[in-house]
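Following: one structure in structure tokens, then a few remarks.
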Amino acid sequence: MMMNDLILIIIGMLILILGVLIGVAFLTLLERKVLGYIQIRKGPNKLGFMGILQPFSDAIKLFTKEQTYPMFSNYISYYFSPVISFILSLLIWSLVPYYFNMISFNMGILFFLCCTSMGVYTVMVAGWSSNSNYALLGGLRAVAQTISYEVSLALIMLSSVLMVMDFNMMKFFEYQNFIWFLFIMFPLSLCWMSSSLAETNRTPFDFAEGESELVSGFNVEYSSGGFALIFLAEYSSILFMSLLFTLMYLGGYNLSLFFYFKLTFISFLFIWVRGTLPRYRYDKLMYLAWKSYLPISLNFLLFYLGIKSFLL
């Protein structure tokens, strides 16, 4: 019986990973289409019906190209950091609180924080091992930014955890039956949204790849498969951040079409922000994390602690 369960869990994980990869492929297509219409142009529209096969074409092109590497790079760490980054970003998806077949995490939120902290190392190693000044500067910026925003993410998350009094993702659905946490924690949910933008290195916080001064940042020396893996890791973390927002503030996980609509809408917001806002200034980004979000999230934490103790 145990063996059958294990086989079912492995098959379930493989189906989940396949689903995530297909989701990421069409998220890139959605981004290119939306940015196209924002900039009054078409976007990909040749391959397949209205360009729907474009992501698969890109994947085939990237993975069949020759893998180049810099002459003086630290080859092993240069080669494996995108792979580890991709594995970490897929590992987080085992947290999705399915009702069946999946690993049930009682400490899901702690696991998420551990995996995102590990993701910092892959960026740092990718930047350092390329042996390029641009890549190193981009890597250092990304590390400083990610570490700063992890603090605010953890503290914002703590307020939600306090309301639920559990680290299990399933509990969020039970506690949001009558009212979404979005209405109770509106300012915090906005802080979470912008922190997750910074955490996933997205516009307006994409300093790690500021074209004007860093020429694509820590992944400047990567081509073909390595670049594709970094790209996939970034977009799967965007999807997961959207999922987490939906879980914590928009009614938790339930097997309905509406849940997936909410998830897609939050992913769309990431793209909309990219098409609308210019890049922030780096020192302002740091001040935003330490001087704005940190005090706000700590104050709200005390506020919700008071509410919870009053209710108990």
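What follows draws every value from the coordinates through simple rules; no lab data is involved. What you are looking at is a predicted structure, and each value in this text was computed from that prediction instead of being measured. Cβ sites come from the backbone with ideal geometry, for glycine too, and all protein chains shown count toward neighbours.
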- Note on the structure: By Cβ neighbour count within 10 Å, fewest first, 206, 5 rank 5, 206
- Item | Net charge of neighbours whose Cβ lies under 10 Å from the Cβ of residue 201, counting Lys and Arg as +1 and Asp and Glu as -1 | -2
- Item | Anchor residue 291: aspartates and glutamates whose Cα lies under 15 Å away (excluding residues fewer than 8 positions away in-chain) | 150, 283
- Residues with beta-carbon under 12 Å from that of residue 109, excluding residue 109: net charge, scoring Lys, Arg +1 and Asp, Glu -1? 0
- Round to the nearest 10 and give me the degree value, 0 to 90, for the angle of helix 133-164's Cα axis relative to the longest principal axis of the chain. 20
- Between the Cα axis of helix 54-64 and the main Cα principal axis of the chain, the angle (0 to 90°, nearest 10) is 60
- Quick one: compute the contact order of the chain, relative version, from alpha carbon pairs under 8 angstrom and 6+ residues apart, as a percent. 24
- Pop the C-beta distance of residue 310 and residue 110 into the FRET formula with R0 = 30 Å and round what comes out to the nearest 0.05. 0.70
- Which angle between 0 and 90 degrees, to the nearest 10, do you get for helix 257-276 versus the longest principal axis of the chain when only C-alpha atoms count? 50
- For residue 147, the net charge from surrounding residues (Cβ-Cβ under 12 Å; K, R +1; D, E -1) works out to -1
- Contour minus Cα-Cα distance for residue 76 and residue 290 (0.36 nm per residue): 73.5 nm
- Counting other C-beta atoms within 10 Å, which of 89, 194 has the fewest, and how do the rest follow? 194, 89
- Sum of -39500 (n - 2.57) over DSSP H runs of 4+, divided by residues of the chain (222 nm, nearest 500): -23000 deg cm²/dmol
- What are the lysines whose alpha-carbon lies under 29 Å from the alpha-carbon of residue 65, with same-chain residues fewer than 8 places away excluded? 33, 42, 46
